[in-house]
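Written out below as structure tokens is the structure these notes cover.
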Amino acid sequence: MQTKPSNTKHRVEVDLQKKLGERNHKCPTLEREYKPIAVPLKNELKLRGLIRNDTTGMSANKLASSTHFHPIPLLVRNSLQGVNSSTTIQPHPPFKPKGPSIWATNLIKSYFDKGLTKEARNLFDEMPERDVVAWTTLIVGFTSCNHYAQAWAVFCEMMRSEIEPNAFTMSSVLKASKGMEALSCGALAHGLATKLGIDRSMYVGNALLDMYATCATMDDALTVFNDIPLKTAVSWTTLIAAFTHRGDGYSGLQVFRQMLLEDVEPNSFSFSIAVRACASIGSSSYGKQIHAAVTKYGLHSDVPVMNSILDMYCRCNCLCDAKRCFGEMTVKNLITWNTLIAGYERSDSSESLRLFSHMGCEGYEPNCFTFTSVTAACANLAVLSCGQQVHGGIVRRGFDKSVALINALIDMYAKCGNVNDSHKLFSDMTQRDLVSWTTMMIGYGAHGYGKEAIKLFDEMVRSRIRPDRIVFMAVLSACSHAGLVDKGLIYFRSMLEDYRLNPDQEIYGCVVDLLGRAGRVEEAFQLAESMPFEPDESVWGALLGACKEYELSNLGNLAAQRVLDMRPNMAGTYLLLSNIYAAEGKWNEFAKMRKLMKGMDNKKEVGKSWIEIRNEVYSFVVGDKMGPHIEWVHKVLELLIWHMKDDGDVTDLKYLVEYLEGT
């Protein structure tokens, strides 16, 4: 049974509406101002199809017909009265609403800002009138979203529509040509800009410089640079960046110096790229001079510039300067911390982990770059428990889908001796890149799993992923450690014949080592002699090691002569030669090699190993006689020697000299 609403409730609602109506009293002034504007605006919107006839809510129809407004505050009313009483006030210009083309163009730009390229294109296609601004907005949008081919296609469509491009259009088209690395497209755009007489525009000139520096030669880029009538800091910075990105940091610094001599004031981007040039050539002295100039120009509080300086110190291995620079920075961001953590990861992994812990205490949340460096630090130290904790942090933050991070974890588990977990991570990856395959192959090879590395290589080729030199280096090294000589030589020939890759010194050294380990020392020597370039120290060192292992004194003497003619810089090479002479009883030559070793600046790095037990890392150095557990270590060694003798494996006395190296 339904009941009707009570009359009392109805009366209350009517009274409430009356009271509200009293407060929302009419304002004749506002009605006169807005009604003449709102009615034509509404009709224009309907005519353009931008609103529907049945529009409800706060629409133009409601704005035109409504006579109820909130009261104007007293302060505003007094101000308006003062303006009305003034005789010098000029009448307001008539209201001119923006045309629908401008609205649509702004909306297209907003779509691109959100990455909605499809929606932007659809809206553009629905526009009845499209001027040069609309076309340029679409080209700029596709270029900013890295859809360079689509940007070029829109430009071609624009030319077919007989819309003449302006300087902003051409600068974006040249950026798209650079992104596609299409010199032909860039040259066509250059020709059109010259025909239209806008090639000397500052925007077009800088874009041309950047395009030619990327797609052509630096001579072409310098020609464009010299033709720019008014060179701004952007022009100079573009040229500095072009040299630096091509690996010519010295030329980049020369351009930066010339920029200062011509009294062009550098900006933060100029300093950042100049510092990067210093890092690329490993010159901390130039970097310190630029650091002083940064302070002189008052940019010492510019975080991106200081991050570049910090990175330069780290790459030049000036960690003390990097630490001091980090401490002097008044403003830091996550990139600052990531830069220092990555810098220490390469030389002092323990400090890298400490910085990571400190960063968390400062309230910074790590990102993928942070975890990549920290995972590499755990791999360098081979601290499995720490690496597992970092892995957990990656999963908790949802970064476990990052291919680069999973690659770092695969490497970390392999270096910590846990190849099974490396394989599990690799198998669970939904997307793999070339680094993923290479890292897993290197992990297999380092642990002697040559057959597994070969199987993985064949699977990668079946997946239509083209191997590069690093992949071949990984599979050849795996074959070398597993003694799979014939298989390794097949891959070496495949690299030359099937993939047309020219081996470098490192790959030749790996093949020489592959043959030498298997006792095929004469083949290894012939390969070294037939190399298309002069073998370096590492190649002859691998051959010397094989000659020593198989007691081939004749070939050993020939290889030793080749090495000595090169005046080697590696202490390990002299050490190997001295051991060969000692094994042959040539004590005079042995003494000469030892004397040469003492006069060298670089010393052979002492052999070191470590093990993690109960969350504590214990390290051992060759010939170490000190340490809290050294007695236990010697007892275990005695037990191992006893078992070796019991199995009939008696160590040859020729290794006695190698044992004495650490004493």
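Observations
- Were the residues from Lys296 through Asp131 laid out at 0.36 nm apart, the gain over their Cα-Cα distance would be 54.7 nm.
- Placing unit charges on the Cβ atoms of the charged side chains and taking the dipole of the stretch 97-201 about its Cα centre, the candidate lying farthest along the positive direction among Trp103, Val154, Gly191 is Gly191.
- Residue-wise HN-Hα couplings along the stretch 479-488, as the Karplus relation 6.51 cos²θ - 1.76 cosθ + 1.60 with θ = phi - 60° gives them from phi, are 5, 5, 5, 9, x, 8, 5, 4, 5, x Hz; Gly and Pro carry x.
- For the peptides 541-550, 158-167, 185-194, the ranking by mean Cβ contacts within 10 Å, running from highest to lowest, is 541-550, 185-194, 158-167.
- Counted charge near Arg315, where neighbours are those whose Cβ lies closer than 14 Å (Asp, Glu -1; Lys, Arg +1): 0
- Measuring with a 1.4 angstrom probe and ignoring ligands and nucleic acids, Phe533 comes out at about 70 Å² accessible.
- In this structure the amide hydrogen of His147, modeled in the peptide plane, comes within under 5 Å of no amide hydrogen from residues 5 or more places off or on another chain.
- Calculated from backbone phi, Karplus (6.51, -1.76, 1.60) coupling profile of the stretch 242-255 in Hz, x at Gly/Pro: 4, 5, 5, 5, 8, x, 9, x, 5, 5, x, 5, 5, 5
- The stretch 303-317 residues near the modelled Ser285 label - backbone nitrogen below 17 Å, point 7 Å along Cα→Cβ: 313, 316-317
- Relative contact order for the stretch 100-230: 18 percent, from Cα pairs under 8 Å spaced at least 6 residues apart, divided by residue count.
- Net charge in the neighbourhood of Thr244 (other residues with Cβ under 15 Å of its Cβ; Lys, Arg +1, Asp, Glu -1) is +1.
- Rounded Å value of the spacing that divides the Cα centres of the stretch 476-505 and the stretch 407-473: 17
- For the stretch 100-230: rounded, prolate or oblate by the Cα gyration tensor [a/c cutoff 1.5]: prolate
- Stretch gain in nm, segment Thr223-Asp468, where the contour uses 0.36 nm per residue and the Cα spacing is subtracted: 84.7 nm
- Each label was represented as a point 7 Å from its Cα along the Cα-to-Cβ direction; for Ser619 and Asp263 these points are 5.6 nm apart.
- Point-to-point label distance, Ala404-Thr232, nm (Cα→Cβ direction, 7 Å offset): 3.1
- Distance between the pseudo-spin-label points of Ser385 and Ser144 (7 Å out from Cα toward the beta carbon): 5.1 nm.
- Couplings 3J(HN,Hα) for the stretch 149-163, derived from phi with the Karplus relation 6.51 cos²θ - 1.76 cosθ + 1.60 (θ = phi - 60°), are 5, 5, 4, 5, 5, 5, 5, 4, 5, 5, 5, 5, 7, 6, 9 Hz, where x marks Gly and Pro.
- Extension gain (nm, one decimal) between Glu638 and Tyr499, 0.36 nm per residue minus Cα-Cα: 44.9 nm
The values are calculated or read from the model by the stated rules, or taken from the named source; none is laboratory data. From a predicted model like this one, the values you see are computed outputs, not experimental measurements. When we count neighbours, we look across all protein chains shown, and the Cβ atoms used for this are built from the backbone with ideal geometry, even at glycine. These area figures cover heavy atoms from the full protein model, side chains too; ligands, DNA and RNA do not enter into them. Shrake-Rupley method; radii C 1.70, N 1.55, O 1.52, S 1.80 Å.
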